[in-house]
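S.K.: Here you go, one structure.
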Amino acid sequence: MKTLQTIILLLLLTAFFCITNTKAEQKKTHRQAKNTYIIHMDKSTMPSTFSDHLNWFDSSLKSASATAEILYTYKHVVHGFSTRLTPQEAETLANRPGILSVTPELRYNLHTTRTPQFLGLDKSTTLLPASQQQSQVIIGVLDTGVWPELKSLDDTGLGPVPATWKGECEVGSNMNSSHCNRKLVGARFFSKGYESALGPVDLSTESKSARDDEGHGSHTLTTAAGSVVPEASFYGLASGTARGMAPQARVAVYKVCWLGGCFSSDIAAGIDKAIEDGVNVLSMSIGGSLMEYYRDIIAIGTFSATSHGILVSMSAGNGGPSSSTLSNVAPWITTVGAGTLDRDFPAYITLGNGKTYTGASLYSGKPLPDSPLPLVYAGDASNSSVGYLCLQDSLIPEKVSGKIVICERGGNPRVEKGLVVKLAGGAGMILANNEAYGEELVADPHLLPAASLGQKSSQILKSYVSSSVNPTAKIAFVGTHLEVQPSPVVAAFSSRGPNALTPKILKPDLLAPGVNILAGWTGAVGPTGLTADDRHVSFNIISGTSMSCPHVSGLAAIVKGAHPQWSPAAIRSALMTTAYTSYKNGAAIEDVATGQPATPFDYGAGHVNPVAALDPGLVYDADVEDYLGFFCALNYTSFQIKLAARRDFTCDPKKEYRVEDFNYPSFAVALETASGIGGGSDAPHTVKYSRVLTNVGAPGTYKASVVPLGDSNVKIVVEPGTLSFAQEYEKKSYTVSFTYTSKPSGTSSFARLEWTDGKHRVASPIAFSWT
């Protein structure tokens with residue numbers, strides 16, 4: 001008995017020490033957990049004892065951590081480096097001399113044929129700049145890489161690579177230098193931040209090189225500047241000649257996004273190299289949460305790119321139709337929302353009661369039988385409280401087998417819902433829109449017969465199922481439909497204003513095609529991106545502001561080719577002031593989420609009109625000094641300006657800096673209610689905005705006019721009302737006064753300011769918001 005007690009005691013002691021040691025190890029591991037940080041150093045304070053900045057970086061790092069190693073060094077985005085540190089080491093380093101900031105790594109997300117004709121590029125060859133000019137422009141794309149074998153990267157007919165190019169084609173897994181050519185002039189990859197956070201790249205699923213294993217990067221790149229490819233299509237859909245916006249422009253790839261996301265240290269390294277390599281346009285379909293510009297590494301990096309003369313185009317985000325959901329709102333970034341084309345891919349859904357409704361689909365496989373099939377609502381075929389979303393393993397096979405299943409949007413990818421139905425034995429799927437998505441129809445390449453349906457039809461469909469004893473349906477797929485009207489309409493998913501970070505800067509800037517876009521695709525995965533999808537295509541059709549961003553990147557390259565001396569701000573202004581906000585019949589562009597007229601908070605200045613942008617007449621220009629004044633208007637300290645702009649600058653205490661006077665091509669006017677301004681509800685109140693216009697055309701006289709859009713109760717006066725320009729690049733200033741006494745119904749209202757000389761129309765949206 002004593003022996004047994006001794007054994008039990010020993011076992012208990014052993015277990016205690018094991019648990020204690022395990023907890024100690026856990027605490028030790030927790031204490032030593034490291035994260036990636038970007039270190040911004042003050043270049044001007046490097047001690048004279050160091051002859052090289054790299055040695056200074058290393059010495060500073062070693063003073064905080066004996067084991068940490070430098071991941072990247074940065075030359076343009078910040079003056080500094082990135083590394084892995086414990087929180088305690090990061091705090092120690094932040095207190096060392098010469099350290100401006102120690103910023104934690106962030107993970108960002110991707111914002112995921114017919115277009116040239118829709119934008120009028122096919123009918124305007126005489127108005128477009130010569131291909132030799134366009135071929136001198138290099139578009140840098142930060143994304144998931146490139147599939148270099150695509151026909152869209154054929155360099156036939158292109159001359160030598162521009163002499164200004166300093167980049168290279170990096171060798172890596174499944175990628176060598178011969179994969180680059182006179183079209184794809186460079187390819188780099190940046191994985192150190194990604195690997196530090198998530199471990200080594202898994203070579204069985206993705207390539208440690210610039211090769212694209214996801215598809216997104218190949219799609220955005222070929223949208224911006226893909227070469228002409230005849231007889232392109234997606235399984236016969238959207239057939240025709242595929243070409244990017246600027247087919248003669250060169251492209252350079254910077255792979256900063258991986259299957260696990262896009263990490264800020266990698267993004268910063270990609271921007272840094274793009275600047276050094278000599279790109280002219282930077283295209284980034286990436287976004288995250290908003291933060292002050294001096295804390296945002298993307299804002300800091302893109303400011304540096306802009307200061308080097310590079311136009312930066314970025315996606316607005318896919319957070320619509322909710323308001324204030326924008327990403328990438330810095331005024332030096334061209335922020336692009338998504339609209340539709342005049343092309344769709346209809347599918348007809350016929351119910352057992354004989355009524356037919358029109359949806360959309362890219363399904364290209366074996367069709368359903370012509371006879372009706374049983375129809376079931378996913379919420380009635382699941383034990384889950386959210387079974388209606390068709391999440392993984394949520395459906396009961398016995399209740400869906402051989403039936404068409406109605407799934408609701410949200411919660412998981414649309415194509416994954418179809419796979420869930422298929423794996424459960426369903427014969428087909430109808431994807432039902434809810435109020436958030438309205439009548440938006442996004443076509444998808446489903447793995448089973450499936451179609452999406454607008455909100456109104458979806459409500460009728462669900463009512464039919466709930467009220468019928470034996471509900472049935474048929475789905476018929478009818479291919480490609482062109483000249484769809486109205487078009488464009490604002491996509492429901494496209495993120496909206498107002499600008500939550502800087503309300504007096506109107507965002508987004510522009511609307512461009514972003515729904516059902518055909519472009520190049522990777523050979524590594526199928527068109528849905530799902531593991532179960534073993535199809536391989538050269539072109540794919542996908543949607544998102546990720547798709548609208550490269551449209552503007554390519555169009556900016558065309559304008560840059562025509563006007564190589566123009567600044568990034570001038571190019572953006574040309575695209576914005578020539579954009580349109582109404583259809584040919586005069587009706588306003590619609591918002592598909594509401595079916596009502598869209599507003600500048602949805603489309604910014606309007607939908608791009610590239611041919612008009614080549615000859616805008618006047619532009620709103622801005623340079624680095626203007627952006628520094630913008631920081632002063634935000635009441636940034638000299639230290640904060642140094643973080644954001646990488647230069648010493650002190651705001652002049654004798655000068656009044658106002659965001660209202662920042663020379664932007666649009667107006668976001670914040671008005672206070674009577675209780676906020678004092679003096680009673682009948683006391684008029686006036687706010688003034690000033691702007692400067694630069695003549696980039698022939699001498700002429702421009703007259704101002706203001707078009708109210710709805711009831712704003714605001715009197716708008718432009719002074720002077722006429723501007724005369726005698727020579728090119730002459731500048732003239734004007735002031736707009738907004739006088740009001742009472743708040744209208746609603747929280748916002750709109751107007752439009754136009755300057756015209758009889759030939760040019762220089763238009764700016766005005767958005768009023770009431771506080």
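S.K.: Please state the charge dipole magnitude for the stretch 220-367, taken about the Cα centre, from unit charges on C-beta atoms (+1 on K and R, -1 on D and E), reported in debye and rounded to the nearest 20.
M.R.: Computed about the Cα centre, the dipole is about 440 debye.
S.K.: Counting other Cβ atoms within 10 Å, which GluC sites (Glu not before Pro) in the stretch 143-185 have at most 14 and lie in a DSSP loop?
M.R.: 149
S.K.: Additional query: Under 13 Å from the Cβ of residue 348, count the other residues' Cβ atoms, weight Lys and Arg +1, Asp and Glu -1, and hand me the total.
M.R.: With Lys, Arg at +1 and Asp, Glu at -1, the net is 0.
S.K.: Can you give the charge dipole size of the stretch 35-104 about its Cα centre, rounded to the nearest 20 debye, using +1 on the beta carbon of Lys and Arg and -1 on the beta carbon of Asp and Glu?
M.R.: The dipole magnitude comes to about 100 debye.
S.K.: If you don't mind, there's one more thing I want to ask. Tally the DSSP beta bridges in the stretch 346-479 and give the antiparallel ones as a percent, rounded to 5.
M.R.: 55 percent
S.K.: Mind checking the stretch 685-771 for chymotrypsin sites (Phe, Trp or Tyr not before Pro) that DSSP puts in a loop (not H, G, I, E or B) and that have at most 12 other Cβ atoms within 10 Å?
M.R.: For chymotrypsin sites (Phe, Trp or Tyr not before Pro) across the stretch 685-771 that sit outside H, G, I, E and B with at most 12 neighbouring Cβ atoms in 10 Å, the list reads 729.
S.K.: Can you send over the solvent-accessible area of residue 180, 1.4 Å probe, protein chains only, in Å² to the nearest 10?
M.R.: We get 30 Å² for residue 180.
S.K.: Nearest-5 percent of antiparallel DSSP beta bridges in the chain?
M.R.: 65 percent
S.K.: Sticking with this one: Label points 7 Å out from Cα along the Cβ direction at residue 435 and residue 173: separation in nm?
M.R.: 4.8 nm
S.K.: Roughly how many Å² is the accessible area per residue of the stretch 359-450, as a whole number, for a 1.4 Å probe?
M.R.: Result: 40 Å² of accessible area for each residue.
S.K.: Shifting gears a bit: Given Cβ point charges of +1 (Lys, Arg) and -1 (Asp, Glu) and nothing else, what value in debye, to the nearest 20, does the dipole of the chain about its Cα centre take?
M.R.: 580 debye
S.K.: A further question on this structure: Order 50, 303 by their accessible area, 1.4 angstrom probe, all chains in place, largest first.
M.R.: Largest accessible area first, the residues go 50, 303.
S.K.: Less than 30 Å apart at the alpha-carbon level, and either on another chain or at least 8 residues along: which lysines does that give for residue 462?
M.R.: Excluding near neighbours in sequence, the set is 355, 366, 399, 403, 417, 422, 474.
S.K.: Specify which residue in the list 110, 611, 546 is farthest towards the positive end of the charge dipole of the chain, using unit charges on the beta carbon of Lys, Arg (+1) and Asp, Glu (-1), about the Cα centre.
M.R.: It is 110, whose Cα lies furthest towards the positive end.
S.K.: Same structure again: Work out the charge dipole of the stretch 346-479 with +1 on the Cβ of Lys and Arg and -1 on the Cβ of Asp and Glu about the Cα centre, then indicate which of 468, 415, 432 is farthest towards its positive end.
M.R.: 468
S.K.: Could you tell me how far the Cα centroid of the stretch 517-584 sits from the Cα centroid of the stretch 192-227, in Å?
M.R.: 18 Å
S.K.: Could I ask something else about it? Roughly how many whole Å is it from the C-alpha centroid of the stretch 127-188 to that of the stretch 399-464?
M.R.: 40 Å
S.K.: A follow-up question, please. What net charge do the residues around residue 384 carry, taking every other residue with its C-beta under 13 Å from that of residue 384, with Lys and Arg at +1 and Asp and Glu at -1?
M.R.: Around residue 384, the surrounding residues sum to -2.
S.K.: Considering the dipole of the chain built from charges on the beta carbon (Lys and Arg +1, Asp and Glu -1) around the Cα centre, which of 718, 299, 485 is farthest to its positive end?
M.R.: Farthest towards the positive end: 299.
S.K.: Using the Cβ atoms and a cut-off under 14 Å, what net charge is assigned to the surroundings of residue 435, where Lys and Arg are +1 and Asp and Glu are -1?
M.R.: Around residue 435, the charge tally is -1.
The values are calculated or read from the model by the stated rules, or taken from the named source; none is laboratory data. The model shown is predicted, which means the values in this text are computed figures rather than measured ones. We place every Cβ from the backbone using ideal geometry, glycine too, and count neighbours over all the protein chains shown. Keep in mind that these areas ignore ligands, DNA and RNA; they rest on the heavy atoms of the full protein, side chains included. Shrake-Rupley method; radii C 1.70, N 1.55, O 1.52, S 1.80 Å.
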